[in-house]
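The values are calculated or read from the model by the stated rules, or taken from the named source; none is laboratory data. What you see is a predicted model, and the numbers here were worked out from it, not measured in a lab. Backbone-built Cβ (ideal geometry, glycine too); neighbour counts: all protein chains shown. Keep in mind that these areas ignore ligands, DNA and RNA; they rest on the heavy atoms of the full protein, side chains included. Shrake-Rupley method; radii C 1.70, N 1.55, O 1.52, S 1.80 Å.
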Amino acid sequence: MKPCKAPPRRGRAFKKLMRQSKLFTKTTKNISKDEVSINAQLLIRAGFVDKLMAGVYTFLPLGLRVMKKIENIIREEMNEIGGVEMFMPTLQPKENWEKTGRWNTMDDLYKVKDSSGKEMALGPTHEEVIVPLAKKFVQSYKDLPFAAYQFQNKFRMELRAKSGILRGREFLMKDLYSFHLNEKDLDEYYKKATNAYFKIFERVGLKEKTYLTFASGGSFSKYSHEFQTTTEAGEDIIYICQKCKLAINKEIKAEVPECPECKGTDFKEEKAIEVGNIFKLMTRYSSPFDLTVKDDKGENITIIMGCYGLGLSRLMGTIVEVWHDEKGIVWPESVAPFAVHLLKIKSQKSNLKIDEISDEIYSTLIKKGVEVLFDDREASAGEKFADSDLIGIPYRVIISEKSLEKGGVEIKKRNETESQIVKIEDLAKMF
Ligand code: ATP
Ligand code: MG
């Protein structure tokens, strides 16, 4: 047998991409007047996303890097609570939607027809796929519990698509579904999932502003729980209990008599974005598909379910709504597209070897595994600084005649005003 080839050297293709001169996208000042939300304005101006039409966006190289960071954080936390990852189709048979009764009742369902006249749904959610799938594999109570999840584009006919990537007609969601023999088991898992969600919000820099919120749960249980992040851009209004910090979505109660958790009556009203929503589905979807197992006494029982949604694109937009200033985005380090923005500032008269020195710094950082966006473009210092503030990478490293005269490179955090000079040989140690 031939020995297998050495794997390709990691990062080579990426290195080129990290040079800003090779990034085919650019920052722009021209954005459409009907782009009213801050997240869309900043993300489009900085070159993270492009709007194809209302509610439909392309994630450009910078935007995709952020999305992948968010995706990995969510993946780690879902794996931690025993979720297994899979990928389900967008095109879904009409019959499954008729079985659950949602073909005619779900207003925002996109319906498509092929040339033979066959009708299908573009998935806005995936109960109609995962429940019949589970039926093929779950044979005994011993196969339970289990939980499966995916990252998948969802399609919803949103009429109010005016909030940038907070409300897409096509948008990326993580949806996890859990399957249980009894309610106690579902309750335990539901608590675990709630904790996992808070870990995610902590890791992406939103924990301080995100509240577990009681919301309507549809017909199958009294409440569902939303994770609501407070910001002016929010389309929802929540009442935050000042005693226990749980919240209630205004849609469920016009007047709030007391907190369902601690019975407190002191509330603060805030605008908020629903970043996640978890439900105890009970038998709402397992019943129509007759998803049952025999328990240890040989009795037939209908499996009970939970579902746990989290919109990645909405989360990314929420991060921008929370983390920006008048100059641009201020990404939390965990989701920033790069850790370092290296700016090469050349002056005409200089005889210093700025090109060579900055190339060397760039490769030293790369070799150390630091993610660097290298602004190697022929552009003015002012333009580079403004772009850098707009793009919002956590650390800015400037190499210029001035910095070299002062003994090295200038380093500044995006969220601080003070900069410092660091010797070139000490720079890599900072990351
Ligand atoms: P909304 O009330 O904001 O329309 P929803 O309650 O219909 O949302 P869910 O069905 O609970 O949404 O979806 C789960 C998660 O998917 C939401 O908590 C949100 O993070 C995300 N999400 C829902 N709709 C959109 C959308 N149009 N664009 C982006 N993300 C969305
Ligand atoms: Mg919801």
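Site pair N415 and K135 shows an inter-label distance of 4.9 nm when each label is modelled 7 Å from Cα along Cα→Cβ. Shape analysis of region 358-421 places it in the rounded category; the axes a ≥ b ≥ c from the Cα gyration tensor give an a/c below 1.5.
When the residues E235, E425 are ordered by accessible surface, computed with a 1.4 Å probe over the protein chains alone, the sequence from largest down reads E425, E235.
At a probe radius of 1.4 angstrom, the accessible area of the chain per residue rounds to 51 square angstrom. Note on region 115-162: the alpha carbon radius of gyration divided by the globular reference 2.2 N^0.38 Å gives 1.63. Placing a label point 7 Å from the Cα of E261 along the Cα-to-Cβ direction, the residues of region 175-215 whose backbone N falls under 11 Å from that point are 211-214. A straight chain from K29 to Q348 at 0.36 nm per residue would run longer than the Cα-Cα distance by 112.1 nm.
Beta bridges per DSSP, both residues in region 38-325: antiparallel share near 90 percent.
What is the sum of charges, Lys and Arg at +1 and Asp and Glu at -1, for the other residues whose Cβ falls under 11 Å from the Cβ of T230? Spelling it out: positives minus negatives among the neighbours equals -3.
Computed over protein heavy atoms with a 1.4 Å probe, the carbon and sulfur contribution to the accessible area of the chain reaches 51%. A simple spin-label model places the labels of E188 and N300 2.8 nm from each other, with each point 7 Å out along Cα-to-Cβ.
Cβ-Cβ distance of K367 and D325, R₀ of 25 Å, FRET efficiency by 1/(1 + (r/R0)^6): the value works out to about 0.15. Heavy-atom accessible surface of D266, to the nearest 10 Å², is about 100 Å², with a 1.4 Å probe and all protein chains retained. Full extension of the segment from T105 to E333, taken as 0.36 nm per residue of separation minus the current Cα-Cα distance, would add 77.8 nm.
Taking the centroid of alpha carbons for each part, region 59-116 and region 152-179 are 8 Å apart.
Shown is the FRET efficiency for K268 and K199, computed with R0 = 35 Å from the Cβ-Cβ distance and rounded to the nearest 0.05: 0.90. Given axes a ≥ b ≥ c from the Cα gyration tensor, I'd like to know whether region 38-325 is rounded (a/c under 1.5), prolate (a/b larger than b/c) or oblate. Verdict is oblate for region 38-325. A Förster radius of 22 Å, combined with the Cβ-Cβ distance separating V36 from M157, puts the computed FRET efficiency at roughly 0.60.
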